[in-house]
Amino acid sequence: MEEQFVKFYQTGTFTVGNRLLGENQRSVQANMQRTNSLNSGHRACQGCGEALGARYAIDAAMQATGNRLVAVNATGCLEVFSTPYPQTSWRIPWIHSLFGNAAAVASGVAAANRARGRPDVRVIAQGGDGGTTDIGFGCLSGMFERNDDVLYICYDNQAYMNTGVQRSSATPPAARTATTPSVGPSIGNVFGTGKNMPAIAMAHGIPYVATASVSNLRDLEAKVTYAMSIDGARYIHVLVPCPLGWGSAPEDTIRVARLAVESGLFPLFEARHGEITGTTPIRHKVPVTDYLKIQKRFAHLFGNPPDTGRIALIQMSADRNIEKFGLLQ
Ligand SMILES: Cc1ncc(C[n+]2csc(CCOP(=O)(O)OP(=O)(O)O)c2C)c(N)n1
Ligand code: SF4
């Protein structure tokens, strides 16, 4: 009989697979000693990418800091679903700031720790894309510019989800939201607008900037772990699909996030002091239609006839990323 190589896809998980890996390859989440910083029982929707991303990121940061961590949370889904007063799912010191000032509050916490002679207690600020790219933008830029000792994590679900899926400056072209055109020849968000937040963070020359995706959770853990090993202002931008706002199936959250990466629409990279230092190559390049078709927010692109013009524009932007970051190696 012909021999067949059996591949263990589960390596790195909490289940059996972790034992197949060497100590230094094991994920934080697979460790029995993980802190469960964002505990079960919260009220996120089924399949929420933000809940998943935050759980991995904060547990990794806890491990990297020897559990000496304070998190500051902007208003948004992550804050609302995790802390319906008087309950909380957080098992770490956690502060709810205003919607727009998480970065400034985090800078203050870091300064207070220094003043108390406890610079070993590290600080994370976190928020959604609305809280980061729009209303919290000024405070965040100040935190970067002063090189304050804070890791800021943006969980990018590409709209204001908590208040009913309004457009943010991270909403991609053609995506339908509650505040983008829903009738006429060009349904969905317009082209040529929005902000590239990782590039803006890099332009501040801060020590570390990275993008991550909940499709690559080990990579997310590694980036958070590295970020907590250095000082100064750091920024990680995580793509977190939102089944409610994207109109994707809850069980497809990882798949959608992966297709964003594998199509080139969401490049994974790291940058130090404003220069790209590493990228994650695409393993199996897919056309952007594979990504778009499984989300209702893009359904209008696939009518009869399909909107080939705008689909081609989205494909061009994915191809530009692939070329710019050298993602096909
Ligand atoms: C100054 C201010 N304006 C508006 C709101 C209402 N508000 C609360 S959460 C939210 C949306 C948050 O969106 P985002 O930051 O993208 O996070 P998400 O909920 O998508 O994770 C808004 C508009 C507020 N709390 N404060
Ligand atoms: S609306 Fe979206 S981001 Fe908010 S809890 Fe539900 S899935 Fe998560």
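Values quoted throughout were computed directly from the atomic coordinates according to the rules given, and no laboratory measurement underlies them. Please read all numbers here as calculations on a predicted model, not as lab measurements.
At-a-glance table
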quantity	calculated
Estimated [θ] at 222 nm from DSSP helical runs (n ≥ 4, -39500 (n - 2.57)) normalised by residues in the chain, nearest 500	-9000 deg cm²/dmol
Cα-Cα P(r), segment 183-251, percent of pairs per 10 Å interval	17, 34, 31, 15, 3, 0
GNM flexibility winner over the chain from TYR152, TYR208, TYR226 (Cα, springs under 10 Å)	TYR226
Shape parameters for segment 215-285, alpha-carbon atoms, Rg then Dmax in Å	13.7, 39
C-alpha center-to-center spacing [segment 205-235, segment 138-168] in angstrom	15
Relative contact order (%) - criterion: Cα under 8 Å, at least six apart; region: the chain	15
The chain: most fluctuating residue of ALA57, ALA106, ALA318 per GNM, C-alpha cutoff 10 Å	ALA318
The chain - share of DSSP beta bridges that are antiparallel (%, nearest 5)	25
For the chain, built as a Gaussian network whose Cα springs stay under 10 Å, the top-fluctuating residue of VAL150, VAL261, VAL190	VAL190
Percent of beta bridges antiparallel (DSSP, segment 47-133, rounded to nearest 5)	0
